[in-house]
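J.: Quick one: the structure is below, and I'll ask about it shortly.
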Amino acid sequence: MIGVLVSGTGTNLQALIDEGLEIAAVAANRRDALALQRARAAGIPTATFSLDCHADREERDLAMATWLEEHGVDFVVLAGYMHLLTKRFLDRFPERIVNVHPSLLPAFPGAHAIDDALAAGVETTGVTVHVVDEGIDSGPILRQEQIPIEPRETLVERVHAVEHRILPEVVKELCGR
Ligand code: GRF
């Protein structure tokens, strides 16, 4: 069963839902994540694991992993989840955690990938889906798609459209659905 971690607006979560993927649980690191409303609207159980309610990151991650497992989750998708995961969490779902990132990794890891690509003056950027490890957007790459920077007025929109298409595709492949 698929579990999804979110921090923000949840358009990637929505794409997974709209593609008919069966999502057992959605967890956020912040209570105000709009993605939680999308999950609830789809009838998916949700929970928030914010750092201020836990002793440290490790303890938070352990509680989150346990909650996901209690909901039958054995495959985790990071859909705009903006915290690094500790080893204790990664070890609970070995090789079974994927992330979507708005650049052609290893170029432009981190939280501002689209702006960083624009600032660097590259002609082509893209989207990467990769296995998650302890680094920042650094695990083995599963799928990449290139996107021309120009016309830059529509770049953000085009990047998100590619994310919303390839993330569900890769998750379906990996989950055998
Ligand atoms: C996406 O661009 C994703 O690649 C990045 O954060 C954004 C999340 O958007 N990690 P959303 O919350 O899925 O709308």
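J.: Take the stretch 110-144 and flag every residue that is assigned to a loop (DSSP other than H, G, I, E, B), open to solvent by 40 Å² or more (accessible area, probe 1.4 Å) and closer than 25 Å to Ile2 by Cα. Full working, then the answer.
T.: Here is the first cut: in the stretch 110-144, the ones assigned to a loop (DSSP other than H, G, I, E, B) are 110-112, 121-123, 132-140.
Next cut, open to solvent by 40 Å² or more (accessible area, probe 1.4 Å) only: 111-112, 121-123, 133-134, 136, 138, 140.
Residues satisfying the conditions are Ala111, Asp133, Glu134, Ile136, Ser138, Pro140.
J.: Could you list all residues from the stretch 21-61 that are in a helix (DSSP H, G or I), touching a Phe, Trp or Tyr at 6+ places or on another chain (Cβ under 7 Å) and not acidic (Asp, Glu)?
T.: Arg60, the sole residue that qualifies.
J.: All but one of (1) of a type outside the set (Val, Ile, Thr); (2) more than 14 Å from the ligand (Cβ to nearest atom); (3) out of contact with any His (no Cβ under 8 Å at 6 or more places or on another chain) hold for Arg60; state the number of the condition that does not hold.
T.: (3)
J.: Now for a different question. Any idea which of Ala55, Ala24, Ala79 is more than 20 Å from Lys172 (Cα to Cα) and small (Gly, Ala, Ser)?
T.: Answer to the selection: Ala55.
J.: From the residues in the stretch 68-105 that are of a type in the set (Lys, Arg) and not in a loop (DSSP other than H, G, I, E, B), which one is farthest from Glu163 (Cα to Cα)?
T.: Ranking the candidates gives Arg88 first.
J.: Okay, moving on. Could you run through the stretch 2-20 and say how many residues are open to solvent by 10 Å² or more (accessible area, probe 1.4 Å) and either at positive phi or in a strand (DSSP E or B) (or both)?
T.: Adding up the residues that qualify gives 1.
J.: Going by the conditions given, is Phe75 within 24 Å of Asn29 (Cα to Cα) and away from the ligand (no atom under 16 Å from the Cβ)?
T.: yes
J.: On the given criteria, is Val171 closer than 29 Å to Glu59 by Cα, in contact with a helix residue (DSSP H, G or I) (Cβ under 9 Å, 6 or more places away or on another chain) and surrounded by 20 or more Cβ atoms within 10 Å (Cβ to Cβ)?
T.: Working: closer than 29 Å to Glu59 by Cα: yes; in contact with a helix residue (DSSP H, G or I) (Cβ under 9 Å, 6 or more places away or on another chain): yes; surrounded by 20 or more Cβ atoms within 10 Å (Cβ to Cβ): yes.
Yes, satisfied.
J.: All but one of (1) loosely packed, with under 15 Cβ neighbours inside 10 Å; (2) farther than 20 Å from His130 by Cα hold for Leu68; which doesn't?
T.: Exception for Leu68: condition (1).
J.: Residues in the stretch 81-109 that are under 20 Å from Ala65 (Cβ atoms), open to solvent by 50 Å² or more (accessible area, probe 1.4 Å) and either out of contact with any Phe, Trp or Tyr (no Cβ under 9 Å at 6 or more places or on another chain) or within 12 Å of the ligand (Cβ to nearest atom) (or both): how many?
T.: 9
The values are calculated or read from the model by the stated rules, or taken from the named source; none is laboratory data. Please read these numbers as outputs of a predicted model, since none were measured by experiment. With ideal geometry, Cβ positions are generated from the backbone for all residues, glycine too; neighbour counts draw on all protein chains shown. Heads up: the accessible areas ignore ligands, DNA and RNA and are worked out on the full protein's heavy atoms, side chains in. Shrake-Rupley method; radii C 1.70, N 1.55, O 1.52, S 1.80 Å.
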